[in-house]
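Participant: Take a look at the following structure, please.
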Amino acid sequence: GENVEQHPSTLSVQEGDSAVIKCTYSDSASNYFPWYKQELGKGPQLIIDIRSNVGEKKDQRIAVTLNKTAKHFSLHITETQPEDSAVYFCGGSNYKLTFGKGTLLTVNP
Amino acid sequence: NAGVTQTPKFQVLKTGQSMTLQCAQDMNHNSMYWYRQDPGMGLRLIYYSASEGTTDKGEVPNGYNVSRLNKREFSLRLESAAPSQTSVYFCASSYFDRSGNTIYFGEGSWLTVV
């Protein structure tokens, strides 16, 4: 089955800086890669996703890149704000979705 | 549109007690899931139901049973709770199309077994 590894486990940045979280996956048949944001005491919420036929996708300050050859994908957050502080999960899916272990992002004012 | 609703939000059980976590979705999704979340372990799949009438084991099914009551509802039962089942439980649902499987989560149920 799919195995998704996520790095780093914690990330601290200053407000206004960029943050990058990376994930690798094992199943070359995986074709869908979502990113979820989980705020304290809440369920994970989908923030952006990318399909295997696309190399990059942007939504305002958030972007995701996918390198199918290397089997890795990354979340990029620019101009970080304190409200970006949360745990972020990546996922990889052919049919069943497998999650990485999460990254705790802290944005310091 | 409520999305995925799960109850109860918080529960304390004594070892050996039983309980059922309820979940309902109003998005007409075919697939439903139960995950548990523990510190440092991410989200681990307990059971899933690809469609009404079917259920399958996930990564950590031991100690749990599920029922897909109808298309909307998917319940998780702990027959004899153990302290190792102290966790946060998330129900989720999804639609599946050719290009992927977008999952939507409920707000979570905090379970403590003492």
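The values are calculated or read from the model by the stated rules, or taken from the named source; none is laboratory data. What you see is a predicted model; the values in this text were computed from it and never measured. Ideal geometry is used to build each Cβ from the backbone, glycine not excepted, and the neighbour counts take in all protein chains shown. With ligands, DNA and RNA removed, areas are computed over all heavy atoms of the protein, side chains included. Shrake-Rupley method; radii C 1.70, N 1.55, O 1.52, S 1.80 Å.
Participant: Which whole-number percentage describes the relative contact order of the range B:1-113, with Cα contacts under 8 Å and a sequence gap of 6 or more? Working shown, then result.
Facilitator: On the way: 288 pairs, mean separation 39.0, N = 113.
The normalised contact order for the range B:1-113 reaches 34 percent.
Participant: In the Gaussian network model of chain A, springs joining C-alpha atoms below 10 Å, which of A:E56, A:E83, A:E39 carries the largest mean-square fluctuation?
Facilitator: The residue with the greatest mean-square fluctuation here is A:E83.
Participant: Given H placed on each backbone N at 1.01 Å, which residues far from B:N101 in sequence or on other chains put an amide H within less than 5 Å of it?
Facilitator: Amide H to amide H, under 5 Å and 5 or more residues apart or across chains, B:N101 pairs with nothing.
Participant: Only Cα pairs within less than 10 Å get springs; with that Gaussian network setup on chain A, which residue of A:T69, A:T98, A:T78 has the largest fluctuation?
Facilitator: A:T69
Participant: Next up: Could you list which residues have their amide H under 5 Å from that of B:E107, counting only those 5 or more apart in sequence or on another chain, with H placed in the peptide plane?
Facilitator: For B:E107, the qualifying residues are B:Q6.
Participant: Using the heavy atoms of the protein chains alone and a 1.4 angstrom probe, what is the accessible area of chain A per residue in square angstrom? Kindly include the intermediate steps, with their values, before the conclusion.
Facilitator: Numbers: 5330 Å² over 109 residues.
With the other protein chains kept in place, chain A gives 49 Å² per residue.
Participant: Can you pick out the pairs among A:K42/B:K57; A:K71/A:K96; A:K68/B:K71; A:K42/A:K96 whose Cα atoms lie more than 27 Å from each other?
Facilitator: Over 27 Å apart, Cα to Cα: A:K68/B:K71.
Participant: Short version: ³J(HN,Hα) in whole Hz for each residue of the range B:20-29, in order, from phi by Karplus 6.51 cos²θ - 1.76 cosθ + 1.60 (θ = phi - 60°), x for Gly and Pro, what are they?
Facilitator: Those phi angles translate into 10, 8, 9, 9, 9, 10, 10, 9, 6, 7 Hz.
Participant: Could you work out the relative contact order of the range B:9-71, using alpha carbon pairs under 8 angstrom and six or more residues apart, expressed as a whole percent?
Facilitator: Working: 75 pairs, mean separation 14.7, N = 63.
About 23 percent, as a whole number.
Participant: Any idea what the relative contact order of chain A is, in percent, if you count C-alpha pairs under 8 Å spaced at least 6 apart?
Facilitator: In percent, rounded to a whole number, it is 38.
Participant: So what J values fall out for the range A:77-90 if you push phi through Karplus, 6.51 cos²θ - 1.76 cosθ + 1.60 with θ = phi - 60°, rounded to Hz, Gly and Pro as x?
Facilitator: 10, 9, 6, 4, 10, x, 6, 7, 4, 4, 9, 10, 10, 9
Participant: With θ taken as phi - 60° and the coefficients 6.51, -1.76 and 1.60, list the Karplus ³J(HN,Hα) couplings across the range B:36-44 in order, rounded to whole Hz; mark glycine and proline as x.
Facilitator: 10, 10, 10, x, x, 10, x, 9, 10
Participant: For the protein assembly as shown, with only Lys/Arg (+1) and Asp/Glu (-1) charged at the beta-carbon, what is the dipole magnitude about the Cα centre, in debye rounded to 20?
Facilitator: 440 debye
Participant: Compare the Cα positions of A:A19, A:Q45, A:G92 along the charge dipole of the protein assembly as shown (+1 at Cβ of Lys, Arg; -1 at Cβ of Asp, Glu; about the Cα centre) and return the one farthest towards the positive end.
Facilitator: Value: A:G92.
Participant: Right, here's the next one. Could you compute how much accessible area chains B and A hide from each other, both sides summed, with a 1.4 Å probe? Nearest 100 Å² is fine. Could the numbers behind the result be given before it?
Facilitator: Details: alone 6170 and 6250 Å², together 10610 Å².
Rounded to the nearest hundred, the buried surface is 1800 Å².
Participant: When chain B is modelled as a GNM with alpha-carbon springs shorter than 10 Å, which of B:N30, B:N65, B:N101 fluctuates the most?
Facilitator: In this elastic network of chain B, the residue with the biggest mean-square fluctuation among B:N30, B:N65, B:N101 is B:N101.
Participant: Let me know the charge dipole size of chain A about its Cα centre in debye, to the nearest 20, where only the beta-carbon of Lys, Arg (+1) and Asp, Glu (-1) is charged. The partial results should precede the final answer.
Facilitator: Numbers: 11 positive and 12 negative charges, 77 e Å.
The dipole of chain A has a size of about 360 debye.
Participant: Which percent of the accessible heavy-atom area of the range A:7-109 goes to carbon and sulfur, probe 1.4 angstrom?
Facilitator: Values: 2430 of 4990 Å².
Whole-percent figure for carbon plus sulfur exposure: 49.
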